[in-house]
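Each remark here refers to the structure printed beneath this line.
Values in this text are rule-based calculations from the coordinates and carry no lab data. All values reported here derive from a predicted model rather than from experimental measurement. Because the Cβ atoms are built from the backbone with ideal geometry, glycine has one as well, and the counts that use them run over all protein chains shown.
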């Protein structure tokens with residue numbers, strides 16, 4: 001599915017300072033006619049997300065297993081915007097786990113990168129990203145992002161990985177639980193060129209696991225946002241919820257989403 005649409009967009013309602021892309025609680029507080037209209041619109045499989053002039057279309061009917069841009073995506077995009085001065089000389093970029101491809105799309109639009117490798121292990125994510133990114137600097141790689149990293153270095157690496165730990169997760173599968181996040185926090189700097197930048201999103205729910213061992217490098221918190229715990233799979237699994245509470249989350253119903261940046265020093 002491409003970017004086809006009928007007519008011009010109509011503003012139905014606007015939330016000030018949103019903390020979720022789809023905030024069912026705040027929608028439910030609206031007058032009944034407006035509330036029901038918004039819920040009906042959100043039932044559409046097509047979602048259009050716009051930030052800072054860049055727009056992504058994600059059709060859940062066509063890309064059934066692809067996460068459309070959510071609040072964590074936009075928090076990372078805002079961090080990229082803040083870091084643009086550090087990317088002015090960057091030439092090569094990589095996104096691991098692209099989902100809809102919005103972060104790569106935003107990066108390409110706002111920088112002068114010569115190439116951006118866009119990776120996901122899900123074929124539908126690669127298709128969705130291709131449908132949204134019309135840029136000859138974009139190169140798509142379907143497969144294991146960690147294998148892609150092997151022996152390579154980039155000027156910019158961005159990743160919004162799975163960050164919710166789960167009991168009994170498969171330790172040999174970095175895409176279940178927080179395996180890929182743990183690798184990037186502790187080893188990701190090895191894949192940066194001098195002056196390179198690594199940007200990742202995570203959750204306070206995973207911090208006790210990820211930072212059990214002190215990282216070898218310095219991380220800077222670029223953004224931090226408190227959001228409701230809006231993950232149906234967790235709410236519907238009491239064992240999983242109890243596990244997260246035991247891991248010292250700040251609240252049963254909220255989580256914090258920090259975005260971490262590491263800037264590789266340029267050797268003298």
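What is the distance, in nm, between label points placed 7 Å from the Cα along the Cα-to-Cβ direction at residue 34 and at residue 220?
In this crude label model, residue 34 to residue 220 measures out at 4.0 nm.
Note the full-extension length gain between residue 46 and residue 148 as 0.36 nm times their separation in residues minus their Cα-Cα distance, in nm to one decimal.
Extra length available between residue 46 and residue 148 comes to 33.6 nm.
Any idea what the alpha-carbon Rg over 2.2 N^0.38 Å comes to for the range 18-137?
Its radius of gyration relative to the 2.2 N^0.38 Å reference: 1.17.
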